[in-house]
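Remarks on the structure that follows.
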């Protein structure tokens, strides 16, 4: 694909905002019927707990509990009673919990699925122990994710170790302000040059069927060693793979390797559709290209699998 | 037993062998040690350790006055409840049970040490400060706190249970293992023991010497 097209795509991903409608949990609200929701168009690549101080202030009058005794960071979000993982970007959460459950054969951005309707809780649920997602915990978790992606791409943790504290911080804040230029500068410095890439940091999110035990993990995350090229017939030694002797790995070849039962074909999505940043991605998309231009801010390609209805 | 294919990495099948071997070794040998159980579940190696919290810990828990001066007002409610939490979490013998779990990192291909305390009061989990004060031996405090965004101990959802847990970040494990061991012909179990000696000690988890006693002793 032409470079300017890829750049445009990356810009669209980075500028995307998601309308959120956040309500305080009814059980924690003085007068649920009268309480206004909090509405915001939030960067798709950003993280929900960063909203907590604002939400705490917004809802403090409505809280039954004395707001002064409740830490903003005790807050957590649910969608359809499912607690949302605080370490995932809000756009990815939407793809996992909303888009993947729609029939992707039809218009998947149907008006009824937006805004993303979330419920905010401050009271602890003893059944689901929570972890306060303070800014430092979030930042730490983000950088850990960046390190992992870096390790897979380069085979060592060296590039990320040379990143200064200021750059590491800038990478983190770039997600909060749709700051593509800051991200692009740092991301480019971390990306190995073509031919040097060892593995693609690809995670595939498989939402579990609704009838499964709700106390178990709601989403299955698959990850494996995915090199940027696949051996052509008869070529399977690691040396041949690294030497670029094979064909470029596509999203289809990688998904077929990871989940052959859902992706029996490398070219056609028969049983399931891969989604990235809210959109279906063609199976023949080159994975290395997708990584360079379409990864999340932590360097991962986070692909959500939607079953075809 | 065969030796590792790619030290300092460990493959999934080697990891399974290592965990099973350590579990087997521990059979009937945990009496009188601080390990109350060790079990390989198929996904993780779970070690329960009962650790005495001695009288000094009350002070430790309430904050070292020398370090915490002036920080008192900013204290989180969780911190304030710390003393209470600790006392209730203790059993009759003044000990805490800590659940350790060892999983394999699919990214780094090294084991990862997770730990948590059973839900104590109101489902509240340990704060990071409590972890450092109560679980991390003094000798490791400085080195562990000085790396990364908030030190070498991070928080995440455990990959098997999905519950919030702490873990010792594995991104430096490769280098540390390589520096520690020049003999690369390790069996999976020796590797796991070496790794646990390296990582476990930073949070006060030591392999009981009884595990290495020969039978009949």
Neighbour-count order for B:214, A:188, fewest beta carbons within 10 angstrom listed first:
B:214, A:188
Within 10 Å of the Cβ of an average residue in A:133-141, the count of other chain Cβ atoms is 4
Based solely on its DSSP helices, what 222 nm [θ] is calculated for chain A when runs of n ≥ 4 H residues each add -39,500 (n - 2.57) and the sum is averaged over all residues, nearest 500 deg cm²/dmol?
-9000 deg cm²/dmol
Go ahead and set up a Gaussian network model of chain A, Cα springs under 10 Å, then flag whichever of A:182, A:162, A:134 fluctuates most.
A:162
Averaged over the residues of B:7-19, the number of partner chain Cβ atoms within 10 Å of each residue's own Cβ comes to 0
Taking B:181, B:109 and counting other C-beta atoms within 10 Å, the order from fewest to most
B:181, B:109
Against the rule of thumb 2.2 N^0.38 Å, how large the Cα Rg of the range A:136-190 comes out:
1.06
Compute the angle between helix A:165-174 and the longest alpha-carbon principal axis of chain A, please, reported from 0 to 90 degrees and rounded to the nearest 10.
70 degrees
Helix A:180-190 axis, angle to chain A major axis (alpha carbon atoms, nearest 10°)
50 degrees
Give me B:199, A:270, A:186 sorted ascending by neighbouring Cβ count inside 10 Å, so fewest comes first.
A:270, A:186, B:199
Answer rounded, prolate or oblate for the range A:16-131, using the Cα gyration tensor with square roots of eigenvalues a ≥ b ≥ c: rounded when a/c is under 1.5, else prolate when a/b is larger than b/c, else oblate.
prolate
So what is the relative contact order for chain A, in percent, with contacts set as C-alpha pairs under 8 Å and at least six apart?
20 percent
Report the convex hull volume per residue for chain A, counting only C-alpha atoms, in Å³.
146 Å³
I'd like the orientation of helix A:3-15 relative to chain A: the angle between its Cα long axis and the longest Cα principal axis, in ° from 0 to 90, rounded to 10.
20 degrees
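Values quoted throughout were computed directly from the atomic coordinates according to the rules given, and no laboratory measurement underlies them. In this text the structure is predicted, and so the values were computed from the model without any measurement. Here the Cβ is made from the backbone with ideal geometry for all residues, glycine too, and neighbour counts use every protein chain on show.
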